[in-house]
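Read the figures in this text as sums done on the coordinates, not as results from a lab. Fair warning: this is a prediction, and the values are worked out from it, not measured in the lab. All Cβ positions, glycine included, derive from the backbone under ideal geometry; neighbour counts span all protein chains shown.
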Amino acid sequence: MQRLASLRLSALLLGVWSFLSAAPARALDHIDLRLPLLDTPFTIRLSELRDQRSLLSGASDLAQLDQATNGEVGRKLVKAFQTPLPLPVGAVAEQSLGSPLLDQVLLLLSALVAVEGVPQPIDGRQLAASLAASQAKGRLTLLEVLEALPGRSATVDLQKVVIAIDRVTAQQRQGAALVASLPPAGIRPSLREAGPLAVKRQQFAIPVRHRPHPLQVVTIQPATGANGRLVVISHGLWDDPESFEGWGRHLASHGYTVLLPRHPGSDSSQQQAMLSGRTPPPSPEDLRLRPMDVMAVIDAAAAGSLQLPAGLRTDSVVAMGQSYGATTVLQLAGARPSATLLRRFCSDVMNPARNLSWVLQCSFLSSANRAGLADPRIKAVVAVSPPMSLLFDQGAARAMNGRVLLVSGSRDWVVPSGPEALRPMAEEARSVGGGHRLVLARDGDHFNLRSTFAEGGGALRGLLLAWTDAAFAAGAAAAPGPNAPSLLPPDGWGDTEFPLVDITSSLATLPVGPNP
């Protein structure tokens, strides 16, 4: 099973590489379409899928079948290829080659489409530009994605396409309905606006025992007037601290000292090396090493190695993370990974809860049972879009030392809110309690809730500050428990671009069904 999971991840990553490193002699002009219940593929030209009239007047195998059925086949087929994919097209257009978003689009595509005849290296920016052209239309369809691909032909299993689209749509439906039915939080200027303190940024390298090379860490702190409180931020898979320095800048302007470690082996440089063939995909051992990175930078702060403000306390810390980084901070808060659900569900290709984050989670099969690395210094965490439905057993929250604010985007198709946030949090709320909170960001996807230094905090800045202020103010009462007081103020931490909705009170009424 371990080898199977590893091979599955490698195959998907190689699929990404085949798209990024192939060279467009010309774009696809036809596909071999595999229809449900039929073993024989039908050739069809992409131009015939533009509308029903094109198919009725075409000459391909499928066009002839459509003509023989008086257009019955074509009507359904054109609809399938012209249905908008549940992808954030605007973000696709804004991202360039090598971005996490484009890579995830290609991962999804590689699971649905087999491309033939792409023998030479290609400039992946051409593919990105082709996809970006759909921004003006406000949607991206399977047909437009296929037309952007290089090569001679492709094979598409229509049944897999329909199942994949329906599955992702269903996984977002419950979250979208919740944010539409509940009022978003209002906005308080004292939380949303930058604080009065000037901020400085520095970068250090610290020796650590668990890594062969020094660990890089970015520090963002008030130039003067620090409040003595420490926050650590963990970045996601194939990402960098730079994507979250806006969070750090906003918190530092309000007095907090912020540390952002770079996780070698799962950062952007590792991604580039992997795609060029110089290094393998991220190791399952990173599940253990990432929490150790965070603990090491807290240790360095306690030892006075990072030129941080005098009087900084390191015995009480708030940790934040996004995606893989969110999983990391959940581990530090006491959620213990387990291989139990991974063994049960990773090979279940038809499971309705299956999503892209399972690719990452299932790669942890060999390391999950050794990755329980709680740090009692972590008193509260913010976990934004964590892959977690398979990684943590139901009831894992009972042993947690830190309070959790979980944030999920209603349009996140990489870590969709249904299986990865609503279901696990509803199960924990019913069986454990603990005072944890769940906030949904309307129209948030997997990447638009981050913030660079120049952006100054992004959509979550008021929420992050409110939760951090409350966690430190609560002292010992910040610990999770059945009667734990709320750490989230009732209002004031919202956003205009991505309205934020606290749906915690609705968890008890959500249908959760069987695991996962």
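For ASP166 and ARG430, FRET efficiency with R0 = 22 Å and r from the beta-carbon atoms, rounded to 0.05? Between ARG430 and ASP166 the formula returns 0.20.
The packing ranking of peptides 458-465, 347-354, highest mean first, is 458-465, 347-354, where packing means the average number of other beta carbon atoms within 10 angstrom of each residue. The stretch between THR155 and ARG398 holds 82.7 nm of extra length on full extension. This uses 0.36 nm per residue minus the Cα-Cα distance.
Note on ASN483 and PHE204: the extension gain reaches 96.3 nm, defined as 0.36 nm multiplied by sequence separation minus the Cα-Cα distance. Here each label is just a point 7 Å from Cα along the line to Cβ, and for THR452 and SER181 those points are 3.9 nm apart.
Taking one quarter of the surface of the C-alpha convex hull of the range 189-509 gives a mean projected area of 15.4 nm².
In this simple spin-label approximation, ARG211 and GLU242 carry label points 7 Å from Cα along the Cα→Cβ vector, and these lie 1.7 nm apart. Each Lys or Arg adds one and each Asp or Glu subtracts one; over the other residues with Cβ under 15 Å from the Cβ of ALA296, this totals +2.
Each label was represented as a point 7 Å from its Cα along the Cα-to-Cβ direction; for MET350 and ALA302 these points are 5.2 nm apart.
Can you tell me the order of 332-338, 44-50, 198-204, 384-390 when each peptide is scored by its average per-residue count of other Cβ atoms within 10 angstrom, highest first?
384-390, 332-338, 44-50, 198-204
Can you classify the range 173-327 as rounded, prolate or oblate using the Cα gyration tensor, where a ≥ b ≥ c are the square roots of its eigenvalues, rounded means a/c under 1.5, and otherwise it's prolate if a/b beats b/c and oblate if not? It comes out oblate by the Cα gyration axes.
Considering just Cα atoms, how many Å³ per residue does the convex hull of the range 466-509 enclose?
On the way: hull volume 3.8 nm³, N = 44.
Roughly 87 Å³ of hull volume per residue.
Here r is the Cβ-Cβ distance between ASP61 and ARG173 and R0 is 45 Å; the resulting FRET efficiency, rounded to 0.05, is 0.80. Sequentially through the range 196-212, phi angles give Karplus couplings (6.51, -1.76, 1.60; θ = phi - 60°) of x, 8, 5, 10, 10, 10, 9, 9, 9, 10, 10, x, 9, 6, 8, 10, x Hz, Gly and Pro residues having no value and appearing as x.
For the range 419-482, report the % of Cα-Cα distances exceeding 15 Å. Percentage above 15 Å: 65. Within the shell of other residues whose beta carbon sits under 11 angstrom from the beta carbon of ASP412, the net charge comes to -2, with Lys and Arg scored +1 and Asp and Glu -1. Among ASP315, ASP29, the ranking by other beta carbons within 10 Å of each residue's beta carbon, starting with the fewest, stands as ASP315, ASP29.
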